[in-house]
Structure formats: structure tokens, C-alpha cells
1. Looking at (1) over 17 Å from the mean Cα position of the chain (by Cα); (2) closer than 24 Å to LEU272 by Cβ, which is the one condition that is false for ALA83?
2. Yes or no: the stretch 392-410 includes at least one residue that is open to solvent by less than 10 Å² (accessible area, probe 1.4 Å), modelled with pLDDT of 95 or more, of a type outside the set (Lys, Arg) and not in a helix (DSSP H, G or I).
3. Please go through the stretch 115-163 and pick out each residue that is within 16 Å of the ligand (Cβ to nearest atom) and of a type in the set (A, V, I, L, M, F, W, C).
4. Looking at the stretch 150-231, what strands (runs of 3 or more DSSP E) fall wholly within it and have at least 1 residues that are over 24 Å from SER90 (Cβ atoms)?
5. What are the residues in the stretch 169-189 that are open to solvent by 10 Å² or more (accessible area, probe 1.4 Å), farther than 30 Å from PHE327 by Cβ and touching a residue at least 12 places away in the same chain (Cβ under 8 Å), if any?
6. Take ASP161 and decide whether it is without any contact (Cβ under 8 Å) to a residue 60 or more places away in the chain and either open to solvent by 50 Å² or more (accessible area, probe 1.4 Å) or not small (Gly, Ala, Ser) (or both).
7. Counting only residues that are part of a helix (DSSP H, G or I) and basic (Lys, Arg), which one in the stretch 240-256 is surrounded by the most Cβ atoms within 10 Å (Cβ to Cβ)?
Amino acid sequence: MNNIDIKDCIEMDRRDILSSRREDFHLNPDVLYFNGNSLGAPPRAARQRALQVIDEEWGTGLSRSWNAAGWIRLPQRLGKKIAALTGAQSDEVICADNTSIAIYKALAMALQLNPGRSRVLVDAKNFPTDNYILQGLVALLGNSHEIVYAEIQDFPAHIDDSIGIVFFSHVDYKTARINDVPELTRLAHDAGAIVVCDLCHSAGVMEVALDNWQVDLAVGCTYKYLHGGPGSPAFTFVAKRLHDRVRQPITGWWGHAEPFLFEMKYRPAAGLDQTLTGTQHILSMAVAEAGIDSILKSDISLIREKSKALTTLYMHLMSQRCGDFAFTTVSPAESGIRGSHVSYEHENAYEIVKCLLENGLVADYREPHLFRMGFSPLTTRFVDVWNSVSLIEDVMRSGAWMDLRFSAKSFVT
Ligand SMILES: *Cc1c(COP(=O)(O)O)cnc(C)c1O
């Protein structure tokens, strides 16, 4: 690519077939928002849906809405929509809980599928909650299992017939590297291991083909690229061939075969219904549906194409305009193996992120020294990328980030 200027970016927006989809979202005109990989912006339909649930379904319908408004089947209804986005059958995905709890259930189910094997291979650099949950589960089981921590590129050397579960993310939350799920699944299956995959940074922003890839279990969240809203529920995939062989560990009444018989003893419901535990967050779930629908409205391959174009433009502009400022990319240069965020290592990443925030650019900081920008294809324009790099260049050239107030740590980074 040659030097790019703002006119090129305006032209890219003009040619973008997804550009009008921006209208479907409520966006703050005063910020350049590059944190949709952490919390997607709200679809306008989310507000209408929230008001409808509060005023009509809750207000007028009251408890009758469990049946009349379909609240009781929301986990399955949303699961079916997420299944369509992730290459699964409609009854292979269910929406409930948060990701951490969904991981707990998925790992417990996976452990039962391979009772003879006591080693679990995990990506040492996975998002911490994934590994914390595994550590807690293994401790509860009296340390009956050994956790093998490895870098994902070393997985092939570690996958052997001692490994019961292979657990990793589709897209690395720091580097954005896309892991080869079908290949890792093939290696795991050849060795007789079960695959548990985390889709938090891929669902809603790229093609996922769980059934074709033969993945066994997967989890993901809906508040990142699925625009589901803060704290919106997670989802769980279990391949149909395993439905009769798994038992989830948090056996509450919502997962009972006949919850309203109020029997003394637990009996699991059929299929994925057994993975439910208790009363779900109906408001969150109703709003999340608006987010999932906003993604389903456009072909996921078009969303992926735009995502690649946005991250490619950003990396190009960063080297063109900020090449002098000691940013080192940790994200793949090749867009085919890059997710929808880009991270740069910089010694002063924390101060830079805080300074940008004060100047209207919302990105985020990840330990150690990572400056991370996320690109939600339906809400980000190419010209926004231009403007964000202009701001980064200004802040670096002026040294504005050096002000002492930017080095005080906040709780949420
Ligand atoms: C965002 C994210 C989570 C979030 O877990 P919660 O329980 O929803 O807070 C978990 N794992 C990965 C890989 C993530 O990116």
C-alpha cells in the first residue's frame, strides 16, 4: 500500500456496503469508540426492547409473561440464533449465565467424557478467567487432574494419549491471533482428547463452523462483538453426539426434566436444557437478542471482510504516521490470521491509553504494556480509523501523555 490520506478513507466508507448499518446503533458522536471487543455499542432496537419488556411484559403481563411472552424459552431461542452464527445445529447452543460459569459447566462436562485421563492441556496465555475456573474445578475434585500449561503454538507437541481435554480460545484476547481450531481439534481427536473452545473474541465478527470443525464443546460471550449489552449472558455449545453423555455440575431446577413437578430428586432435562441452573436474567437476555439480531441481519462473511479491511488500514496508518514512536505490533501482520483487534506493545501504553481516553478515543490497556484497539465492523467507519490515528500521532508528537495524572491506575483498565 502507498501512503493513504483522509480522502482514501472517505472513499472506503463510500464503497462500504455495510456503511448504512451504523444507523442501527446508538453511537456517542463525541467519542471514537475502539473498544467494541470489550463492550459492543448498543443497537437502537435494544432500548425499544428493554422498554417493551419493562412496560408491557413485566408491567402489564407480570408473572404471566413467563409463558405469554416466552421468557421461559429465551435461553433456547437465543441459543438457536447464536447457533446460526457459529455453524451449529439449532439445539446445540443455549444462552445462559456468564462466560465464567459457562466455562465451569463446559469443563466439568468435558472431564466426564474422558474419565480415564487426568491431564488437561490449556493455553497458558488464555484469558485469565478461563484458567482460574479450571484451577478451581480441579481443586474441588481433590486435585485429581494435572493442568498442563503450554503456549498454543506448542500444543501439537503436548497432545498425546495422556491428555483428556484440550482447552483454548479461537482468537487470542491480547494478540488477536486466530488459532487453527479445525487443526487443533483434529490433533486432539486423533489422540482421543475432548476439545473445549472459547469463542469470546470471534463470535459475531468472523465465520465459525463448530460442526464442520468437529468441536466438542464451546463457550462465548454476547456483550463483545454480538452487541448484547453490559453483562449480557454467555452461550454454550455442546455437539449433539455428546448430549446423552454429559452431565453439568450445577444441577438446579431449571435443568430438571420437569421443574414444575417439584420433585425431591434431580433428574436432568433432555439435550442442552439440562445445562440451565436457575432463573435467568430476562432483561439482559431480551436486550441481548437485539444485539444478536443486529449481527444476523448482515452476512457474517461481509462483516469479516470489513473487519479485515479496518484492521489492515489501522496497521498501515500506524506505520505510516506513528512509525517513530516505538510501538511494536504483537498482532499478526497477515489479516487472514488476525481477529478484529490490534495490539501494540509500548512502554508507556497505560499513560497513552489514559490520555487518549481524555481526548475522546476509547481503546484499552492490557498487561503488560499493551495498547489494544478493537474494531466492530458495523459501527466503525474507515474515517474513524483515520481520525483515531491522527489523535494518536498528536498525543505522541506533543508528549501530552507524559502528564502525571495519566499514570494513576484505575480499577477497570
Ligand atoms: C471476555 C472474555 C471472558 C469474559 O468472562 P465473563 O465471565 O463474561 O466475565 C472470558 N474469556 C475470554 C477469552 C474473554 O475474552
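The values are calculated or read from the model by the stated rules, or taken from the named source; none is laboratory data. This one's a predicted model, so the numbers in the text were calculated from it and none came from an experiment. Methodologically, a virtual Cβ is constructed for each residue, glycine included, from the backbone with ideal geometry; neighbour enumeration extends over all protein chains shown. All accessible areas refer to the heavy atoms of the entire protein, side chains included, with ligands and DNA or RNA removed. Shrake-Rupley method; radii C 1.70, N 1.55, O 1.52, S 1.80 Å.
1. (1)
2. no
3. VAL122, ALA124, PHE127, ILE133, LEU134, LEU137, ILE152
4. 163-169
5. PRO182, LEU184, ARG186, LEU187, HIS189
6. yes
7. Going through the qualifying residues, I end up with LYS240.
Results for (1) farther than 19 Å from ALA176 by Cβ; (2) in contact with a Leu (Cβ under 8 Å, 6 or more places away or on another chain); (3) open to solvent by 50 Å² or more (accessible area, probe 1.4 Å), shown as yes or no for each residue.
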{"site": "ALA288", "(1), (2), (3)": "yes, yes, no"}
{"site": "GLY291", "(1), (2), (3)": "yes, yes, no"}
{"site": "SER298", "(1), (2), (3)": "yes, yes, no"}
{"site": "LEU313", "(1), (2), (3)": "no, no, no"}
{"site": "HIS316", "(1), (2), (3)": "no, no, no"}
{"site": "ASP324", "(1), (2), (3)": "yes, no, yes"}
{"site": "PRO332", "(1), (2), (3)": "no, no, no"}
{"site": "TYR344", "(1), (2), (3)": "no, yes, no"}
